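Reviewing the structure listed below.
Every number here is computed from the coordinates shown, using simple stated rules; none is lab data. All of these numbers come straight from a predicted model, not from anything done at the bench. As a convention, Cβ positions derive from the backbone with ideal geometry for all residues, glycine included, and neighbour counts pool all protein chains shown.
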Amino acid sequence: SGMATSGSASSGSSSPSIVAPTKASKNYKIAFIQGVQGDEFYITMQCGIEAEAKRLGVTVTTQGPKQFDPTLQRPILDSVVQTKPDAILIAPTDVQALQQPLADAAKSGIKIVLVDTTTQDPSFAVSQVSSDNVGGGAAAFKAIQELSPNGGKVMVESVNPGISTTDQRNEGFQNAVKADSKFTSVGVQYSKDDPATATQQVAAQLQKDPDLVGVFGANLFAAEGAATAVRQSGKTNQVKIVGFDAGPGQVKDLKGGIVQALVAQQPGQIGTYGLDQAVAALDGGQVTPKIQTGFTILTKDNVDSSGAAYKASC
Ligand code: T6T
């Protein structure tokens, strides 16, 4: 089938090789600021960061806002900057709101590495590490195409406008829909990272468009909420769901046949690369400015063997 897995990491710079330092020259103080607490994507990323920190001999502290919200993340960044860490790894929750504070932090001498999400002008960062989000959105549509070969109406359930990752996934998905005349997009809804809101929005869309054939849930919580709506509507056979991410609840929905495919990112790998770039920048080593990690399309059949499911703890 066409549900192939995407390849390994590729660097956006002219240098194709990504160098991992063997040891840090000193025990650097590095802060990791998640997009949100309790999200298995960022937990798995934290596991990758902590394992790499141990290997290199540096100290990492992790914090995150209680919601995926720049007004909650900004004060965390401000207080972390006050402690003058050597480097910050951060997943900015908005392309605009975190732009100036991060540029200022970089100006004060802190090495900034963007993990997962990015900002409007990330030139202050020594490196950016993320999935191929446009490609992941296109891959999600390809999965729906294969599941619903006759075509029909599809929708995207997303998080907030202004998040680089989910906006890119939506863009990749919508462009792929436009290229196939058998499908029409009924648009995108934003559920603020709240699965209950996503459930309401998908249920409302199903009222309006009872012939909907596919939903793309653009992140973990959007996909979980979409799955609940489709399950409650009794339309599991008609409406195919493809979700981004592979949290424990999503994997359960996949195995239960409510969700047909998941686009699993490599959060642990993003964390490992991110920490390596921070230490390399601090020690004057080789830094790769842009690293793109791959994704795996999970179905019922390969989910157990893939090892791609996210962790709930390290
Ligand atoms: O999809 C991930 C992440 O890539 C995105 O930026 C925000 O949502 C997640 O953390 C999943 O909940």
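In table form, for the structure just shown:
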item	result
Estimated FRET transfer efficiency when R0 is 25 angstrom, pair Asp78-Glu171 (beta carbons, to 0.05)	0.20
Per-residue [θ]222 nm for the chain (sum of -39500 (n - 2.57) over DSSP H runs n ≥ 4, rounded to 500)	-12500 deg cm²/dmol
Nearby lysines by direct alpha-carbon distance to Lys240 (threshold 16 angstrom, same-chain neighbours under 8 apart not counted)	Lys142, Lys153, Lys182, Lys252, Lys255, Lys300
Computed over the chain: relative contact order in percent, which uses C-alpha pairs under 8 Å that are six or more apart	24 percent
Residue order, fewest to most surrounding Cβ atoms within 10 angstrom, among Met155, Met45	Met155, Met45
Region 102-213: relative contact order as a whole-number percent, Cα under 8 Å and 6+ apart	26 percent
Cβ-placed point charges (K, R +1; D, E -1), dipole of the chain about Cα centre in debye, nearest 20	240 debye
Footprinting exposure proxy for Phe68, Phe183, Phe295 (fewest neighbouring C-beta atoms within 10 Å first)	Phe183, Phe295, Phe68
Signed unit charges on C-beta, dipole axis of the chain, positive-most listed residue Gln286, Gln145, Thr93	Gln286
Likely footprinting exposure, Tyr28, Tyr273, fewest C-beta neighbours within 10 Å first	Tyr28, Tyr273
Gain on full stretching of the segment that runs from Asp304 to Gln96 - 0.36 nm per residue minus C-alpha separation	71.0 nm
Estimated inter-spin distance, Ala204 and Ser181, nm [label 7 Å along Cα→Cβ]	3.4 nm
Nitroxide proxy distance, nm - points 7 Å out along Cα→Cβ at Asn237 and Lys66	4.5 nm
